[in-house]
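Everything below concerns the one structure shown next.
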Amino acid sequence: MMNNSSTGIHGYWMQHIHSFYVIVRFVFALADALTTAIVTVYLLGKGLSFTEIGAVWSVLLFFSTVLDFPTGNFADIYGRKLAFVIGVISIGLGNFIYGIGRILWVFFIAAFFVGFGGAQISGSLTSWIVDEQIKADKQDVVSKIFGDGAAVASVGGIIGGIFIGIFFTGPLELLYFLSATLFILTGVFVFVSIPDNYGQPTGRWISLPKEVISHYIHSASLIILSVTLVLMFACFTVYLFVWQPLALQLGIQKGDLGYFYAIFMAGSAAGAFGMGRISKKTGEIVTLASCFLFSITGFLTISLNLGIIGLTFGLIQFSLGYGGFIPVLYAYMNVFIPSSIRASTSSLIGTIGTGGIIILQVTMGAFIEFRGLMAASMCAIAFGFMAILALFLLSRRTQDQKRPEDAS
């Protein structure tokens, strides 16, 4: 009876993969927004200094980056669904520990769980989606699925931000407990809804990374796409440093920063929704370059110091580019990755993307103290032009090549 019930649930969601992915992305983003928007205030309220808060975040980023690649191997060998479920439940446990935390070492433990969970989910569900669509001969809709997922995730973030506005004066621990509950329920939903798929179920953790690294270093296309990912994350790092201090300088009250966050999330949703569809007509490389053009014009608008209106339009332009870039990039790079190592290679590229900006986050802060916010915006413009040049080189390289030849 359980088998038939499981098969029925699996059968339904296998016929509605698009809807399944959108639901998971929405709930995940909603749960994430509940804590992301108040984490600094929450930790300060627990008596942590800014230095200690930075240390907690460093623990999270360190483990999510270092473990990203080996957990990708785990996903390919033992199952993409299993890896995602373990990861999302781990994040839920981490948020629960955040909620009960009172002293620094407890928050370090919470950061470990969240970082480990983030590493597990990186590339696992997207690889599951790609392989299932290839089996169904529907690989041409992958960009649309990822684009819609990113768009709905932005909507989830907006709703989460509004929810935070209602509960901001209440006990913030409840937001962490609610977020933890949503993450764990998401893991349960994924576990019971779909069958698992694998990249190389008979492989070994030692031999598989060699195959992945060998494939990666011999694929100029993947290397170039990794460079563009690092450069977009570099632009996002500048965005994180610049927009809130500028808004305060322009007279925006701290309580009103949520409106700008909502604007950014809405722009990201529009970018993800539109770019995934545009890429089918213009091609992925042109679309990715267009995303960087939006980023360049956004930071240029911000650097012109046009007041609140300039800052708003600059944020909208950057959000369109950033929101559209990520889903198109991940859909496109899978063209160059064999199914057997898809999750592992996706995790490797994710590791390169986040690892590439760890030092930048420190140096950009020092650069802003020395040169100011507008100079940082000019750095983001330079990053954008560098990425467009890299995409031009990729276009020249792939001009006379067919996709199957790259993927082999």
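The values are calculated or read from the model by the stated rules, or taken from the named source; none is laboratory data. Note that the coordinates shown come from a computational prediction; the quantities given were computed from them, not determined experimentally. Because the Cβ atoms are built from the backbone with ideal geometry, glycine has one as well, and the counts that use them run over all protein chains shown.
Would you pick out the residues in the range 96-150 that are more than 21 Å from LEU61 (Cα to Cα), among the hydrophobic types (A, V, I, L, M, F, W, C) and either surrounded by 20 or more Cβ atoms within 10 Å (Cβ to Cβ) or in the same structural domain as THR282 (by TED's automatic domain parsing) (or both)?
Within the range 96-150, TRP128, ILE129, VAL130, VAL142, ILE145, PHE146, ALA150 qualify.
Looking at ALA376, ALA382, ALA366, which one is aliphatic (A, V, I, L, M), more than 30 Å from HIS215 (Cβ to Cβ), surrounded by fewer than 17 Cβ atoms within 10 Å (Cβ to Cβ) and modelled with pLDDT of 80 or more?
On inspection, the qualifying residue turns out to be ALA382.
Go through the range 337-351 and give me each residue that's surrounded by fewer than 22 Cβ atoms within 10 Å (Cβ to Cβ) and either touching a Cys at 6+ places or on another chain (Cβ under 7 Å) or part of a helix (DSSP H, G or I) (or both).
Residues satisfying the conditions are SER339, SER340.
Restricting attention to the range 293-314, does a residue exist that is surrounded by fewer than 17 Cβ atoms within 10 Å (Cβ to Cβ), closer than 30 Å to GLU211 by Cα and either of a type in the set (Ser, Thr, Tyr) or touching a residue at least 60 places away in the same chain (Cβ under 8 Å) (or both)?
no
On the basis of being closer than 30 Å to HIS16 by Cβ, at pLDDT below 85 and buried (at least 22 other Cβ atoms within 10 Å of the Cβ), does ALA269 make the cut?
yes
Assess whether SER395 counts as being surrounded by fewer than 24 Cβ atoms within 10 Å (Cβ to Cβ), farther than 30 Å from PHE63 by Cβ and at pLDDT 85 or above.
Yes; evaluated as a whole, the condition is true for this residue.
Restricted to the range 279-299, and to residues that are in contact with a Gly (Cβ under 8 Å, 6 or more places away or on another chain) and of a type in the set (A, V, I, L, M, F, W, C), which residue is nearest to TYR259 (Cα to Cα)?
PHE299
Here's the yes/no breakdown for (1) modelled with pLDDT under 85; (2) in a helix (DSSP H, G or I); (3) hydrophobic (A, V, I, L, M, F, W, C):
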position: ILE162; (1), (2), (3): yes, yes, yes
position: ILE166; (1), (2), (3): yes, yes, yes
position: LEU174; (1), (2), (3): no, yes, yes
position: SER179; (1), (2), (3): no, yes, no
position: THR186; (1), (2), (3): no, yes, no
position: PRO195; (1), (2), (3): no, no, no
position: TRP205; (1), (2), (3): yes, no, yes
position: TYR216; (1), (2), (3): no, yes, no
